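For reference, the structure discussed in these notes is given below.
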Amino acid sequence: MTGAGSATARALIVDDERPARERLRKLLTRDSRVEIAGCCAGGDEALDVLRAASRAGTPVQLMFLDVQMPEVDGFGVLSALVRDRPPVPMPAVVFVTAYDEYALRAFEAHAIAYLLKPFSDEKFQATLDHGLRHVRAGHAEQVISQLQALLGRSGAMSPGTSSGSTRRPIDRLVVRGSDRVRLLPVDQIGWIEADGMYVKLHTRDGATHQHRALLGALDETLDPRRFVRIHRSAIVNIDVVAELRQDAHADYVAVLRDRTEIRVGRSFRARLQARLGHQI
């Protein structure tokens, strides 16, 4: 355990992926300088915790915030905090992101720390130290105006935006094996399955490859015209979806051409509808 004897900072974890939340929780638990105020799976839940903590007089001081989440994303959380009346104290924000170098430079210019997924324990520790220095120095409130400027341009930085984005989808993945490195064209991938801190890449020829990446981070790098996330633990290549079948609970199941069945999560149905251009 690090930081023995240091003042405690209240930290909040916000990420829609359970493995990512759990890893951050375990890493923070090792540090005696940090008290975990909560682990949230989405932006709305995070705002509830932040506001409740403020009313109780124990505001969150440090927030590990995922950028891309269903419904209210990371930018939406910050935008809501900036507009809140009565105001909620702004925590020091550590963005947890898979953004490209252009966006990361913008974050750094506004003195906001970041963790690029997937990250090492050493990178996490350095980022935590940086965030705690902000807390100790009382810098969090000073960055509100910088956050407002950043939020005003967030549409140009966010993956999947239609204007101002310089991000290009990847066309292949570097998949490391025990004795070789394979360059896997993404158009050979039929669907992708979350597997803890890894993903399983299921290719059209029936093979499966393990790749070190978080599903949400990988989702941000894929071509949204071809790939769509339909569940917390699954991304599909729309070209291999043969049909959508409704079950007894009115939920949908995507049936792939190889007869693999993947449940469509209710919170992800809107994404699939937008990609299909048709209400389901």
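The values are calculated or read from the model by the stated rules, or taken from the named source; none is laboratory data. Predicted model only: the values in this text are computed from it and were never measured. Reconstructed Cβ throughout: ideal geometry from the backbone, glycine too, with neighbour counts over all protein chains shown. Quick note on the areas: whole protein, heavy atoms, side chains included, nothing else; ligands and nucleic acids left out. Shrake-Rupley method; radii C 1.70, N 1.55, O 1.52, S 1.80 Å.
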- Note on the structure: Note, the stretch 200-213: 3J(HN,Hα) by Karplus (6.51, -1.76, 1.60, θ = phi - 60°), whole Hz, Gly/Pro = x, goes 9, 9, 9, 8, 5, 7, x, 7, 10, 10, 8, 9, 7, 5
- Label-point separation (nm) for ARG259 and LEU276, each offset 7 Å from Cα along Cα-to-Cβ? 2.2
- Probe 1.4 Å - accessible area at GLU45, Å² to nearest ten: 80
- Task: Give the calculated FRET efficiency between THR8 and ALA52 to the nearest 0.05, with a Förster radius of 22 Å applied to their Cβ-Cβ distance.
- Result: 0.75
- Sorting HIS130, HIS231, HIS278 by accessible area (1.4 Å probe), largest first, what list results? HIS278, HIS130, HIS231
- Near LYS200, which lysines are there with a Cα under 22 Å away, not counting those fewer than 8 places off in the same chain? LYS117
- Note on the structure: Scaled by the rule-of-thumb 2.2 N^0.38 Å, the alpha carbon Rg for the stretch 14-86 gives a ratio of 1.09
- Item | Under 10 Å, Cβ to Cβ, from ALA217 - net charge with Lys/Arg +1 and Asp/Glu -1 | -3
- Item | Cα-only Debye scattering, the stretch 45-102: base-10 log of I(q)/I(0) at q = 0.13, 0.14, 0.20, 0.26 Å⁻¹ | -0.33, -0.38, -0.74, -1.14
- Note on the structure: Two pseudo-spin positions, 7 Å from Cα along C-beta at ASP223 and at ASP239, lie apart in nanometres by 0.7
